[in-house]
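What follows is one structure encoded as structure tokens, with my remarks underneath.
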């Protein structure tokens, strides 16, 4: 199994993407705050050409936004967990309420709808195990649509999530 898609796969989606665009994406994933001059030097383009390409990648939707990577622990989120949630899918109104509530909870960093035996996977942060336990009991298990939830506490982060850039 390959860990990244081929350049031909992305060319189908964005026909104008080339090795310079791929180099720009790689550089920006490492440091999205670099200046246009630094970016241009990193990818062997002028600063103006690099800036023009970044804007084109934004307009095409390849670059959705620029953001920062935050240290959860330093922000008081000493506990990181993934929660598998099974819901009552027959009650569409309850399922919609679940999705709306989960989106509003700041503790939920991400929510993924899945195929298989589990319906949703929640990425959750909390200050500590007690805070986490209260959140699960009071905010997740109390939702009418939730049939079951199973937690997995993160012991160590080996690799942070980021988009895979196709290889040339």
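The values are calculated or read from the model by the stated rules, or taken from the named source; none is laboratory data. Keep in mind that this is a model prediction, so the values were computed, not measured. Neighbour counts are summed over all protein chains in view; Cβ atoms, including those assigned to glycine, are modelled from backbone coordinates with ideal geometry.
Table: residues versus (1) touching a helix residue (DSSP H, G or I) at 6+ places or on another chain (Cβ under 7 Å); (2) without any contact (Cβ under 8 Å) to a residue 24 or more places away in the chain.
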site: 16; (1), (2): no, no
site: 19; (1), (2): no, no
site: 29; (1), (2): no, no
site: 42; (1), (2): yes, yes
site: 46; (1), (2): yes, yes
site: 51; (1), (2): yes, yes
site: 59; (1), (2): no, yes
site: 69; (1), (2): no, no
site: 74; (1), (2): no, yes
Quiz item: Does residue 118 fit the bill of being in contact with a helix residue (DSSP H, G or I) (Cβ under 9 Å, 6 or more places away or on another chain), farther than 28 Å from residue 166 by Cα and assigned by TED's automatic domain parsing to the domain that holds residue 142?
Solution: no
Quiz item: In this structure, does residue 45 turn out to be at pLDDT 95 or above, part of a loop (DSSP other than H, G, I, E, B) and not assigned by TED's automatic domain parsing to the domain that holds residue 110?
Solution: yes
Exercise. Identify, by number, the condition in (1) assigned to a loop (DSSP other than H, G, I, E, B); (2) modelled with pLDDT of 90 or more that residue 16 doesn't meet.
Key: (2)
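For every residue, the table says whether it meets (1) surrounded by 13 or more Cβ atoms within 10 Å (Cβ to Cβ); (2) part of a loop (DSSP other than H, G, I, E, B); (3) in contact (Cβ under 8 Å) with a residue 24 or more places away in the chain.
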| position | (1), (2), (3) |
| --- | --- |
| 55 | no, no, no |
| 86 | yes, no, yes |
| 90 | no, yes, no |
| 99 | yes, no, no |
| 115 | no, yes, no |
Practice problem: Name the residue, out of 110, 81, that is at pLDDT 95 or above and farther than 30 Å from residue 21 by Cα. | Solution: 81
Self-check item: residue 124 being at pLDDT below 95, surrounded by 15 or more Cβ atoms within 10 Å (Cβ to Cβ) and under 16 Å from the mean Cα position of the chain (by Cα)
Solution: no
